[in-house]
Amino acid sequence: MATRYKLTVTLAAVALSTIFFASCATNPVEKPQPLRLNQITEADRAPALPEYQGKTPGKQEKIARSFEQQPPLIPHKIEGYRIDLKKNRCLECHDRPFYKEENAPKIGGSHYKDRDGKELTHISMARYNCNECHAPQTDAQPLVTNTFQPAK
Ligand code: HEC
Ligand code: HEC
């Protein structure tokens, strides 16, 4: 009894491996594509730097918003505009004391409230890092088709 069982298992194994190798021969397995797009033995290639659109502030149209409460996109270039502990170049044009003179859109009232909704005399620190929400633009094409329609 035990011998017959062993024989059946062996025959099944032979049959399965024949099917497996036969299918390998007809469908050659494609070389796996690593996520970094080049082989592990090759040096990494840095992606090309995107070219940002827009010129010096004051020369472009605002970009239409797609939904309510969207942080507006930045239409101008921001190269070299520092945001650090000592200096925030964005505030020098968009903050209350300067926006008129600079002819820049005024920062919204929401940025001058703390998280409990209390009015502040200065911009809330939660809004200090402007680029966290407002992004400059490149002409990057969407990676996947997008059928998003703004709410009417
Ligand atoms: C030299 C002044 C100046 C500086 C510095 C500046 N901006 Fe602007 N910003 C403008 C002006 C002027 C506009 C109006 C559009 C234009 O003419 O480019 C604008 C437009 C914008 C808008 C669009 C607002 C809307 O309602 O659509 C955003 C967002 C913005 N800026 C964010 C920033 C951020 C973030 C920084 C810092 C990284 C910054 N800006 C630095 C002057 C400035
Ligand atoms: C946490 C996200 C966030 C950060 C950080 C932030 N913003 Fe905004 N911003 C928004 C949103 C959302 C809106 C649109 C709704 C509103 O006005 O609150 C907006 C609106 C604006 C507007 C248009 C206001 C209007 O009334 O049309 C300007 C200009 C602006 N932000 C500039 C800035 C600047 C400059 C900084 C940095 C000092 C900054 N924001 C930081 C989210 C942010």
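So Q60 fits all but one of (1) more than 9 Å from ligand 1 (Cβ to nearest atom); (2) surrounded by 14 or more Cβ atoms within 10 Å (Cβ to Cβ); what number is the exception?
The single condition Q60 does not satisfy is (1).
Do the conditions hold for K86, that is, is it within 16 Å of ligand 2 (Cβ to nearest atom), within 27 Å of T121 (Cβ to Cβ), out of contact with any helix residue (DSSP H, G or I) (no Cβ under 7 Å at 6 or more places or on another chain) and not aromatic (F, W, Y)?
yes
Take the residues in the range 110-152 that are surrounded by 11 or more Cβ atoms within 10 Å (Cβ to Cβ) and in a strand (DSSP E or B), then tell me which one is modelled with the highest pLDDT.
K113
Out of (1) part of a loop (DSSP other than H, G, I, E, B); (2) more than 9 Å from ligand 1 (Cβ to nearest atom); (3) among the charged types (D, E, K, R), the odd one out for E101 is which?
Here E101 meets the rest and fails (1).
Going by the conditions given, is L91 of a type in the set (A, V, I, L, M, F, W, C) and modelled with pLDDT of 95 or more?
Against the criterion (of a type in the set (A, V, I, L, M, F, W, C) and modelled with pLDDT of 95 or more), L91 qualifies.
Can you tell me which residues in the range 69-98 are of a type in the set (D, E) and part of a helix (DSSP H, G or I)?
If the condition is that a residue be of a type in the set (D, E) and part of a helix (DSSP H, G or I), then E92 is the only one that fits.
The values are calculated or read from the model by the stated rules, or taken from the named source; none is laboratory data. Not measured: the values here are computed from a predicted model. Cβ coordinates were reconstructed from backbone atoms using ideal geometry, including for glycine residues, and neighbour counts include every protein chain displayed.
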